[in-house]
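The values are calculated or read from the model by the stated rules, or taken from the named source; none is laboratory data. This one's a predicted model, so the numbers in the text were calculated from it and none came from an experiment. No Cβ is skipped: glycine too gets one built from the backbone with ideal geometry, and neighbour counts run over all protein chains shown.
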Amino acid sequence: MLTFCHHELELPERTIPVSCVARGQSIVGVLLDLTAESALEQFLERGLSPTHDRSDPFLGFFEELTQYATGTPFEWRTPIRFEEGTAFQRRIWKAIDEIPFGESATYAALAAAVGAPGGARAAGGACGRNPIPLRVPCHRVVRAGGELGGFTGVIETKRALLRHEGVAPFSDGPLFKTEPVERSTGGQGTTISGGDLR
């Protein structure tokens with residue numbers, strides 16, 4: 001059974017509407033910057049037919065959103081499940097999920113981290129189709145040279161999220177040192193380390 005809930009994430013410079021869908025205990029979809037009604041319509045277009053319900057997975061997720069709003073680095077605990085996307089897109093989304101709070105990575109470095117050097121454009125396309133933005137932090141992926149790049153929500157939300165995480169005070173110039181992303185081959189999963197502030 002799919003359940004739906006809507007919440008507002010209050011950051012110092014921007015209030016971000018967050019709509020989410022869960023299947024059981026796992027978040028399967030998040031939409032940003034939409035009214036509850038518009039989000040429901042978009043979820044229906046994606047083949048997700050949720051009902052309104054403030055159930056357990058949402059309570060945990062909203063508690064984490066409250067913690068996120070404090071600006072204190074932390075790791076998400078609410079489980080997620082990818083029910084959409086190609087194998088490549090899912091690899092990109094899993095890699096994005098490993099970019100730590102307060103750090104960034106480029107599209108090119110992200111592509112290289114999943115074994116697709118030269119696949120920056122495809123990585124950008126996968127970021128744009130991320131079904132669980134914020135929880136899978138595609139806002140932390142930027143263009144080489146530090147430009148923001150695209151985003152699944154409003155671009156000002158991407159800027160506000162990065163500022164909130166202390167990644168960069170946005171100005172007219174490049175915002176990040178672009179460092180190669182490193183891929184850990186030991187242990188489980190992919191570890192990504194992105195660029196940092198100049």
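Those residues that are of a type in the set (S, T, N, Q), surrounded by 13 or more Cβ atoms within 10 Å (Cβ to Cβ) and closer than 21 Å to Glu10 by Cα, I need them from region 20-52; list them, please. Quick ask: steps written out before the conclusion?
Looking only at region 20-52, we keep the residues that are of a type in the set (S, T, N, Q), and these are 25-26, 35, 38, 42, 49, 51.
Still in the list and also surrounded by 13 or more Cβ atoms within 10 Å (Cβ to Cβ): 26, 38, 42.
Answer for region 20-52, where residues must be of a type in the set (S, T, N, Q), surrounded by 13 or more Cβ atoms within 10 Å (Cβ to Cβ) and closer than 21 Å to Glu10 by Cα: just Ser38.
If we scan region 148-155, do we find a residue that is closer than 19 Å to Pro12 by Cα, crowded, with 16+ Cβ neighbours inside 10 Å and at pLDDT below 90? Write out each step before concluding.
In the first step, residues of region 148-155 are kept if they are closer than 19 Å to Pro12 by Cα; the result is 153-155.
Within this subset, residues satisfying the condition of being crowded, with 16+ Cβ neighbours inside 10 Å are 153.
From what's left, at pLDDT below 90: 153.
Yes: one or more hits.
Mind telling me which of the residues Leu40, Leu44, Leu34, Leu65 ends up being in a loop (DSSP other than H, G, I, E, B) and modelled with pLDDT of 90 or more?
From the options Leu40, Leu44, Leu34, Leu65, the qualifying one is Leu34.
Cβ contacts < 7 Å: first residue within 10 Å of Cys138 (Cβ to Cβ), restricted to region 152-163; second residue at pLDDT below 90 and not in a helix (DSSP H, G or I), any location; separation 6+ or different chain. Result?
Final answer for the pair search is Lys158/Leu148; Lys158/Phe151.
Sort through Ser19, Ser49 and tell me the only one that's within 20 Å of Val154 (Cβ to Cβ) and among the hydroxyl-bearing types (Ser, Thr, Tyr). Give the steps one after another, and end with the answer.
Working: Ser49 fails: within 20 Å of Val154 (Cβ to Cβ).
Going through Ser19, Ser49 in turn, the sole match is Ser19.
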